[in-house]
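Asker: Here's a structure for you.
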Amino acid sequence: MRKTLGWLLSLVVLIGTMGAAGSTAQAATAAEPAAAADIKDQILGIPGMSLIEEKPYPGYRFFVLNYEQPVDHRQPWKGTFKQRLTLLHKDVSRPSVFFTSGYNVNTSPRRSEPTTIVDGNQVSLEYRFFTPSRPDPANWDNLNIWQAASDQHRLFTALKKIYKKNWLATGGSKGGMTATYYERFYPRDMDGVVAYVAPNDVVNKEDSAYDRFFAKVGTKECRDKLNAVQREALVRREPLEAKYAVAAAENGWTFTTVGNLDKAYEAVVLDYVWAFWQYSLLADCATIPTAATASDQEIWDTIDAISGFSAYADQGLETYTPYYYQAGTQLGSPDIKQSHLDGLSRYGYQPPRNFVPRDIPMTFQPQAMRDVDTWVRNNANQMLFVYGQNDPWGAEPFRLGYGARDSYVMTAPGANHGAKVAGLLDGERTLATEKILQWAGVAPAASLSAEGNAPSLGALAAPDPVLDQPEPREQQLRR
């Protein structure tokens, strides 16, 4: 009887213990926070976001995505289009950099310089109307700087719910212009802007700054050498255009948009000096042939390598139709005097209208750049503009007025259109890096300088030969 009672008591105790343990386990489970959803699921949870593909990369998640955008942000009910973007995901605890080249998006993993400096995430957005991010049918009136800035604003608003830390906008060339225009129209979105080599053509018909630039850039020896080759290419127009016709037949090039092969040939030749200083360095002058003794093939080869004979064929222009459209409606375009070509040039610097199909109407809006310039001078806040000393696009830079706050314009000595913070003089490089880190809300990684007695600032992310490749030449402004 005692054994039976004892067994019953033991069973009651055991059941009670299990119940208590179960209650404790349930309480513990309720207290534990729910595991965060995978970043891909969070991104795809944004209405209008869809995945094209995910590409693995060590230390990151890299996504190629589409985001549904209004064709016209002022009238969003009038239809949408899919805008391509990429996301290089590091961690939601890191700052984010909003990058655009102003052209097509690169669908391979890449980091801009600010992304490396702050060791952050990077969102890269394709500019509207660049294929495949083009509405169908395309109403070209909807390709303007406000609509593009509104694309960025809408995407940022959606992503900020996931990436809550500080954000910087950046881009080089047309991308630097894009970052600046975004700040002008939506100044409360970003915590800082780093705009590289961004031209500022305030008065489109006033281009004397470019003439002054070409009169003094580099050395006289180099300038004379380049001018002589350019002149020789027009002196030898007949035999070189014959080579051009052969190349066009071999490659299937046609010239409907620009008008004919002769106009395309001269446009390529007139780009030669500009393109040299945009993409090359003073030291590269040693590779330029001597015009007086160069063969036709040598003249052809140097023009093709620097300007590119495919540039003004229909097939070369097609990709850049949105750029030339914007140059001819809002951005402006340079027109330079080339007195060494007097008597040889038939068309001069051709306007953007010549590079856009005639069925696309274009009307220039002179107030667009004046508005941006005035705003930057009076309202720039936490903006950094970086230029290259020998870059022709820097002849008309952004400037800061008395209303600007915590903003800077810096120039990298000897640099071209690929100028970076890393190429600035020591004091400016340190200041620029410090500001980028400060605006991103992250602490600098201090290390001893070469002398071992003072701290120096550097990028928080380790260099990566794949991620840190520069944007391709095709993603830089074309004259």
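Asker: Per Stokes-Einstein, at 20 °C and 1.002 mPa s, what whole-number D in µm² s⁻¹ belongs to the stretch 268-374, with the Kirkwood radius over Cα pairs as the hydrodynamic radius?
Answerer: Numbers: Rh = 16.0 Å.
The estimated diffusion coefficient comes to 134 µm²/s.
Asker: Compute the Cα gyration tensor for the stretch 51-144, then decide on rounded, prolate or oblate, letting a ≥ b ≥ c be the square roots of its eigenvalues: rounded whenever a/c is under 1.5, prolate when a/b is larger than b/c in the other cases, and oblate in all that remain. List each step's numbers first, then the result.
Answerer: Values: a/c = 2.36, a/b = 2.11, b/c = 1.12.
Judged from the Cα gyration tensor, the stretch 51-144 comes out prolate (a/c at least 1.5, a/b above b/c).
Asker: Give the accessible surface of the chain per residue, rounded to a whole number of Å², with probe radius 1.4 Å and ligands, DNA and RNA excluded. Intermediate results must be reported in sequence, preceding the final value.
Answerer: Values: 21780 Å² over 479 residues.
Heavy-atom SASA per residue in the chain reads 45 Å².
Asker: Mind checking which aspartates and glutamates have their C-alpha under 19 Å from residue 216, skipping anything on the same chain fewer than 8 residues away?
Answerer: Answer for residue 216, where 19 Å is the Cα cut-off: 206, 207, 224, 271, 284, 335, 391, 396, listed by chain and number.
Asker: Shape verdict for the stretch 208-262, please, from the Cα gyration tensor: rounded (a/c under 1.5), prolate (a/b greater than b/c) or oblate. Each step should come with its number before you reach the end.
Answerer: On the way: a/c = 3.34, a/b = 2.03, b/c = 1.65.
Because a/c hits 1.5 or more and a/b exceeds b/c, the stretch 208-262 counts as prolate.
Asker: Report the charge-dipole magnitude of the stretch 88-156 in Debye, nearest 20, computed about the Cα centre from +1 at each Lys and Arg Cβ and -1 at each Asp and Glu Cβ. Show your work: numbers first, answer last.
Answerer: Values: 7 positive and 7 negative charges, 27 e Å.
Dipole of the stretch 88-156, to the nearest 20 debye: 120 debye.
Asker: A further question on this structure: If you build the Cα gyration tensor of the chain and take the root of 5 times each eigenvalue, what three semi-axes come out, in whole angstrom, biggest first?
Answerer: 53, 26, 22
Asker: What number, in percent, do you get for the relative contact order of the stretch 172-325 if the mean sequence gap of Cα pairs under 8 Å and at least 6 apart is divided by its residue count? Spell out each step's value before the answer.
Answerer: Values: 125 pairs, mean separation 36.7, N = 154.
Value for the stretch 172-325: 24 percent.
Asker: Please report the Cα spread of the stretch 238-287 along all three principal axes, rounded to whole Å, starting with the longest.
Answerer: The Cα atoms of the stretch 238-287 stretch 36, 20, 20 Å along their principal axes.
Asker: Name the lysines eligible as straight-distance cross-link partners of residue 435: C-alpha to C-alpha under 18 Å, and not fewer than 8 places from it in the same chain.
Answerer: 165, 420
Asker: Give the percent of DSSP beta bridges with both residues in the chain that are antiparallel, rounded to the nearest 5. Spell out each step's value before the answer.
Answerer: On the way: 25 of 48 bridges.
Around 50 percent of the beta bridges assigned by DSSP in the chain are antiparallel ones.
Asker: Show me 324-335, 151-162, 51-62 ranked by packing, highest mean number of other Cβ atoms within 10 Å first.
Answerer: Details: 324-335: 23.0, 151-162: 17.9, 51-62: 13.6.
Order by mean packing, descending: 324-335, 151-162, 51-62.
Asker: Okay, next question. With all protein chains present, how much of the accessible area of the stretch 361-400 (probe radius 1.4 Å) comes from carbon and sulfur, to the nearest whole percent? Provide the component values of the computation, followed by the final result.
Answerer: On the way: 680 of 1620 Å².
Whole-percent figure for carbon plus sulfur exposure: 42.
Asker: Roughly how big is the chain's charge dipole about its Cα centre, with Cβ charges of +1 (Lys, Arg) and -1 (Asp, Glu), in debye to the nearest 20? Don't jump to the answer; show the numbers that get you there.
Answerer: Working: 48 positive and 53 negative charges, 335 e Å.
Value, rounded to 20: 1600 debye.
Asker: So for 97, 71, what's the accessible-area order with a 1.4 Å probe, most first? Present the calculation step by step, with values, prior to reporting the outcome.
Answerer: Numbers: 97 0, 71 25 Å².
Accessible-area ranking of 97, 71, largest first: 71, 97.
Asker: Apply 1/(1 + (r/R0)^6) to the Cβ-Cβ distance of residue 362 and residue 250, taking R0 = 51 Å, and write down the FRET efficiency to the nearest 0.05.
Answerer: Values: r = 32 Å, r/R0 = 0.63.
Efficiency, rounded to the nearest 0.05: 0.95.
Asker: How big is D for the stretch 352-439, in µm² s⁻¹ as a whole number, if Stokes-Einstein is applied with the Kirkwood radius of its Cα pairs at 4 °C and 1.567 mPa s?
Answerer: Estimated via Stokes-Einstein, D reaches 86 µm²/s.
Asker: Kindly flag which residue pairs out of 164/205; 90/174; 82/337 have an alpha-carbon separation exceeding 32 Å in this structure. Before the final figure, lay out the partial values.
Answerer: Numbers: 164/205 44 Å; 90/174 26 Å; 82/337 42 Å.
Listed pairs above 32 Å: 164/205; 82/337.
Asker: Follow-up. Considering the dipole of the chain built from charges on the beta carbon (Lys and Arg +1, Asp and Glu -1) around the Cα centre, which of 357, 102, 59 is farthest to its positive end?
Answerer: 59
Asker: Which whole-number percent of Cα pairs in the stretch 306-345 have a distance greater than 14 Å?
Answerer: Details: 504 of 780 pairs.
Counting every Cα pair in the stretch 306-345, those more than 14 Å apart make up 65 percent.
Asker: Using Cα pairs under 8 angstrom and six or more residues apart, how large is the relative contact order of the chain, in percent? Write down the numbers at each step before the final one.
Answerer: Numbers: 837 pairs, mean separation 77.8, N = 479.
Contact order relative to length: 16 percent.
The values are calculated or read from the model by the stated rules, or taken from the named source; none is laboratory data. In this text, all values refer to a predicted model and were calculated from it rather than measured experimentally. Cβ coordinates were reconstructed from backbone atoms using ideal geometry, including for glycine residues, and neighbour counts include every protein chain displayed. Areas reflect the complete protein model, heavy atoms only, side chains present, ligands, DNA and RNA absent. Shrake-Rupley method; radii C 1.70, N 1.55, O 1.52, S 1.80 Å.
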